[in-house]
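Presented below is the structure to which this report refers.
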C-alpha cells in the first residue's frame, strides 16, 4: 500500500519558559493513499495542531514528517507550495470565502494563485461545482448562500486542483445535523469515487465512526485505549 503521509515522534510546543505549552508530545502515525482517517479528541487535545503539521501548514518542533517518503523538512519552498496548492485540499469549519465575489471566483482562487489561465480556470471551476451540485450558483455572490451551500463551495474549492488528500477540520461544525450529513456524504463519495484520501479532524463520534480508522488524541498524545477496532 502507498504510504502518503508518515509522522515519526513529532512534537510541537508554543511559548517559552513558564508559559510553554506542549501541543504535541511525540505522535507517530501513517496514512495510506485512499484511506479515510478521523483525528478525534476534545478541545486542546492537539488534534488540529496534528492536522496542520500533516498538511504542511506548520512545522514540527521535533521528530520527522514524511510526505510520499520524502522528509518534509528537506523540501524546497517551491516543493512545499506545490504540495499545498496541488496535492492537498483544505476544508475548514470557517468558510474563508470572499463574501462579495461570485461562487465561481471563490472556487477557482487556488488556480488564480497558481497562475492558471482564465479559460482553464473556468472549466475546472465549473466541473468542481458540478460535482457538488452547485452549478446553478456559479454567478451568485458567496454572501447570499446558506451555510450548507457555503461549505459545499469550500469543498469545490478544495477539489479544483484534483488533490490527492483533503484535510477537513470540523467540516460540519457550523452546520445543522441534516446539512452536516449532506456535506459528510459528499466528502465520503469523493473518497469512494475518486480515491481521495480524507483526514478529518472532529469531536463528532458519529462522523469519526464513518472513517476507516480513528486516532484519538488526549493531551497532545495518541490515546491508544480510545481506539475502536
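Looking across the stretch 1-39, not a single residue is more than 23 Å from residue 66 (Cβ to Cβ) and crowded, with 16+ Cβ neighbours inside 10 Å.
What number of residues within the stretch 79-115 are part of a helix (DSSP H, G or I) and free of Cβ contacts under 8 Å to residues at least 40 places away in the same chain? If you could, list the steps in order and put the result at the bottom.
Here is the first cut: in the stretch 79-115, the ones part of a helix (DSSP H, G or I) are 79-87, 103-107, 109-113.
In the following step, the residues that additionally are free of Cβ contacts under 8 Å to residues at least 40 places away in the same chain were identified as 79-84, 104-105, 112-113.
Looking only at that region, the number is 10.
How many residues are under 19 Å from residue 2 (Cα atoms), surrounded by fewer than 19 Cβ atoms within 10 Å (Cβ to Cβ) and under 19 Å from the mean Cα position of the chain (by Cα) if we restrict to the stretch 66-83?
Going residue by residue through the stretch 66-83, those that are under 19 Å from residue 2 (Cα atoms) are 66-72, 83.
Of the ones still in play, those that are also surrounded by fewer than 19 Cβ atoms within 10 Å (Cβ to Cβ) are 66, 68-71.
Applying the additional criterion that residues be under 19 Å from the mean Cα position of the chain (by Cα) yields 66, 68.
Final tally of qualifying residues: 2.
Here residue 207 meets each of (1) in contact (Cβ under 8 Å) with a residue 12 or more places away in the chain; (2) in a helix (DSSP H, G or I); (3) over 17 Å from the mean Cα position of the chain (by Cα) with one exception, condition (3). Applying the condition of being outside any strand (DSSP E or B) and free of Cβ contacts under 8 Å to residues at least 60 places away in the same chain to the stretch 50-65 and asking which residue is farthest from residue 83 (Cα to Cα) yields 61.
When every residue of the stretch 39-48 is checked against the conditions, at least one turns out to be under 20 Å from residue 84 (Cβ atoms), part of a strand (DSSP E or B) and within 16 Å of the chain's Cα centre (by Cα). Residue under question is residue 168, and the condition is that it be in a helix (DSSP H, G or I), out of contact with any helix residue (DSSP H, G or I) (no Cβ under 6 Å at 6 or more places or on another chain), crowded, with 18+ Cβ neighbours inside 10 Å and in contact (Cβ under 8 Å) with a residue 40 or more places away in the chain; does it hold? Considered against the rule, which asks whether it is in a helix (DSSP H, G or I), out of contact with any helix residue (DSSP H, G or I) (no Cβ under 6 Å at 6 or more places or on another chain), crowded, with 18+ Cβ neighbours inside 10 Å and in contact (Cβ under 8 Å) with a residue 40 or more places away in the chain, residue 168 comes out as no.
Every number in this text was worked out from the coordinates using simple rules, so none of it is lab data. In this text, all values refer to a predicted model and were calculated from it rather than measured experimentally. Virtual Cβ from ideal backbone geometry, glycine too; neighbours counted across all protein chains shown.
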